[in-house]
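The values are calculated or read from the model by the stated rules, or taken from the named source; none is laboratory data. Predicted model only: the values in this text are computed from it and were never measured. Methodologically, a virtual Cβ is constructed for each residue, glycine included, from the backbone with ideal geometry; neighbour enumeration extends over all protein chains shown.
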Amino acid sequence: MSPMICGKCSKNHATVHVTEVKNGVKMESHLCEECARAAGGKFTFSITDILANLIEPVKTPGAKTTEAGAPRCPECGISYAEFKAKARLGCANDYEVFKSGLLPLLEKVHGAVQHAGKTPHTVESVVRKETELARLKRELESVVKSEDFEKAAQIRDRIRILEGELNKGKS
Amino acid sequence: MTIDELVQQSGEWLKGTGPDSDVVVSSRIRLARNLSRFPFMTVATPEVRSDIQSFIRRRIEEGLGPRRLQYFALSKLPPIDRQLLFERHLVSREHATGEGERGVAVSSDETVSIMVNEEDHLRLQVLRSGLQLEQSYEQIDRIDTDLEQHLTYAYHPRFGYLTCCPTNVGTGLRISVMLHLPAAVLTKQIEKVLGTLGRLNYTVRGLYGEGTSPIGDLYQISNQVTLGKSENDLISEMKNVIPKVLEFERVWRHKLADDEPRKVEDRVWRAYGLLKHARVISSEETIEQLSYLRLGVYLGIIPQVPMTTLNDLFIFTQPSHLQKIQGKALESAERDVVRAEFIRKRLAAL
């Protein structure tokens with residue numbers, strides 16, 4: 001078997017072999033000791049590089065744009081270009097602002113774009129409270145129409161409590 | 001519990017008593033979480049980082065109080081103590097060497113650790129001995145649910161738990177199993193195993209000797225997908241895949257012993273002799289020889305070495321551990337001498 005030649009300098013024998021499996025793709029590099037040292041252990045494939053390549057350079061409609069015309073998150077201030085370069089987000093709001101760029105990325109990485117796991121209790125209870133609030137408001141309308149003012153007062157009190165709780169959760 | 005007390009004990013996952021611990025060293029489950037009211041770490045200023053840490057620390061201490069998690073503010077610890085937490089698998093390498101206000105809350109049996117201000121505001125992890133995926137998930141899920149009563153997570157009905165890196169979004173769940181695969185390596189089947197797992201969307205990496213070829217035959221297998229599947233589905237899938245790898249490894253171990261008994265015995269006894277008598281030994285050589293010793297224990301060639309001792313030798317011979325045990329800073333060459341002495345003593349005591 002003939003000795004393997006370094007993939008970087010193409011001169012010396014490759015003695016350092018790196019194999020990595022990422023996103024289902026096996027990647028190998030073969031380097032001589034000198035080149036491996038020069039790379040300072042950084043010759044591995046970075047996950048950021050891979051992800052950055054998966055993000056398309058598209059504009060997100062509806063987002064505030066910078067002078068250059070690229071969208072920027074009004075809350076954390078990161079631009080689409082920064083998101084694309086680092087493949088990292090700056091705040092929860094970015095998931096909305098950069099949605100059109102994120103969806104194809106999520107599809108490629110996870111093969112899905114819809115969460116199917118755990119839901120925080122706070123979210124569950126908020127949804128429950130909002131549903132109850134909507135129901136109470138409909139009920140209020142009907143009892144007011146039927147002039148049952150005692151019942152309407154009770155419902156109004158309950159609405160006030162629920163609204164108070166929901167507002168508290170938002171602060 | 002202080003860092004010095006931590007050095008004196010060894011964690012639950014090192015006991016080597018979990019199911020399938022002949023091949024599975026440990027199971028680790030982690031959840032990535034962020035708070036809705038703060039920006040992510042990528043854009044957090046030093047002041048915001050500091051606010052996030054105090055906010056979360058208070059909630060961990062009040063909310064999870066009865067569990068008695070010990071909080072360590074990493075920015076206030078000397079590098080050697082941070083390195084120790086990394087060597088114990090309680091924090092990531094990035095968390096140990098990083099900068100800025102950050103910390104970790106650790107349970108006294110070391111099964112639970114909650115990293116604060118790592119890549120995400122919160123990284124909750126459970127680490128247990130052997131293959132214990134469901135038990136580990138139940139434990140971390142309970143902690144997550146308890147914690148959530150005291151703070152509001154960044155959550156989106158479509159994307160689930162929002163994370164700084166889109167590769168973690170959804171469940172924020174990463175399941176990692178650390179496997180010892182010496183026979184797969186010796187029989188040169190390891191590439192096949194890694195390739196297959198890669199095609200199944202699992203990430204595999206060597207635990208030691210990062211960047212170059214792995215040493216010590218220890219591989220960590222993790223799920224890649226975090227979105228679009230429930231936590232239970234992700235756990236079940238992993239639970240279906242891992243036993244196949246274990247089965248292959250066991251078959252190869254016995255095949256090795258049957259086909260080339262002298263060669264295997266020689267390798268194991270040499271490893272034992274080397275570890276028992278060496279006067280100077282590097283970290284790399286220790287990890288490599290311990291791998292053969294572990295194989296020898298499994299095959300009954302050297303039955304007298306308990307799994308706990310093997311695991312302890314892995315952990316306590318790391319640079320920071322040796323220095324903490326000695327109570328002073330040691331240069332690399334000094335460590336090699338101290339390491340050899342430590343191993344000799346532990347093996348002589350059997």
Which numbered condition B:L295 misses (of (1) buried (at least 21 other Cβ atoms within 10 Å of the Cβ); (2) within 20 Å of B:F342 (Cα to Cα)): (2)
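Residues that are among the hydroxyl-bearing types (S, T, Y), touching an Asp or Glu at 6+ places or on another chain (Cβ under 7 Å), surrounded by fewer than 17 Cβ atoms within 10 Å (Cβ to Cβ) and within 28 Å of A:A14 (Cβ to Cβ): does region B:194-210 have at least one? Break it down into steps so the answer makes sense when it comes.
The first filter runs over region B:194-210 and keeps only residues among the hydroxyl-bearing types (S, T, Y), leaving B:196, B:202-203, B:208.
Going one step further and asking which of them are touching an Asp or Glu at 6+ places or on another chain (Cβ under 7 Å), we end up with none.
No, there is no match, as no residue in region B:194-210 is among the hydroxyl-bearing types (S, T, Y), touching an Asp or Glu at 6+ places or on another chain (Cβ under 7 Å), surrounded by fewer than 17 Cβ atoms within 10 Å (Cβ to Cβ) and within 28 Å of A:A14 (Cβ to Cβ).
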Helices (runs of 4 or more DSSP H) within region B:120-216 that include 1 or more residues within 9 Å of chain A (Cβ to nearest Cβ), over 26 Å from B:R294 (Cα atoms) and under 21 Å from the mean Cα position of the chain (by Cα): B:133-148, B:190-199
Any hit, region B:98-119, residues being free of Cβ contacts under 8 Å to residues at least 60 places away in the same chain, hydroxyl-bearing (S, T, Y) and part of a strand (DSSP E or B): yes
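Report those helices (runs of 4 or more DSSP H) wholly inside region B:240-350 carrying at least 1 residues which are of a type in the set (F, W, Y) and in contact with a helix residue (DSSP H, G or I) (Cβ under 9 Å, 6 or more places away or on another chain).
B:261-277, B:283-298, B:307-316, B:332-348
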Among (1) in a helix (DSSP H, G or I); (2) within 19 Å of B:R33 (Cα to Cα) - the single one A:R138 does not satisfy: (2)
Matching residues in region A:59-91 - criterion: being at pLDDT 90 or above, among the aliphatic types (A, V, I, L, M) and farther than 15 Å from A:G101 by Cα: none
Every residue from region A:87-97 that is at the interface with chain B (Cβ under 7 Å from one of its Cβ atoms) and either over 11 Å from the mean Cα position of the chain (by Cα) or in a helix (DSSP H, G or I) (or both): A:Y95
Which listed residue, of B:S27, B:S21, is at pLDDT below 95 and either touching a strand residue (DSSP E or B) at 6+ places or on another chain (Cβ under 8 Å) or outside any helix (DSSP H, G or I) (or both): B:S21
Region B:219-230, residues that are within 24 Å of the chain's Cα centre (by Cα) and either of a type in the set (S, T, Y) or farther than 19 Å from B:V185 by Cβ (or both): B:Y219, B:S222, B:N223, B:Q224, B:V225, B:T226, B:L227, B:S230
Subset of region B:62-86 [surrounded by fewer than 14 Cβ atoms within 10 Å (Cβ to Cβ), part of a helix (DSSP H, G or I) and free of Cβ contacts under 8 Å to residues at least 40 places away in the same chain]: B:G65, B:P66, B:K76, B:P79
Among residues of region A:98-112, those that are more than 7 Å from chain B (Cβ to nearest Cβ), modelled with pLDDT of 90 or more and more than 10 Å from the chain's Cα centre (by Cα), counted: 3
Considering residues of region B:231-274 that are surrounded by 12 or more Cβ atoms within 10 Å (Cβ to Cβ) and farther than 25 Å from B:K188 by Cα only, the residue nearest to the chain's Cα centre (by Cα): B:I235
Criterion: within 13 Å of chain B (Cβ to nearest Cβ) and in a helix (DSSP H, G or I) - qualifying residue of A:T122, A:T131: A:T122
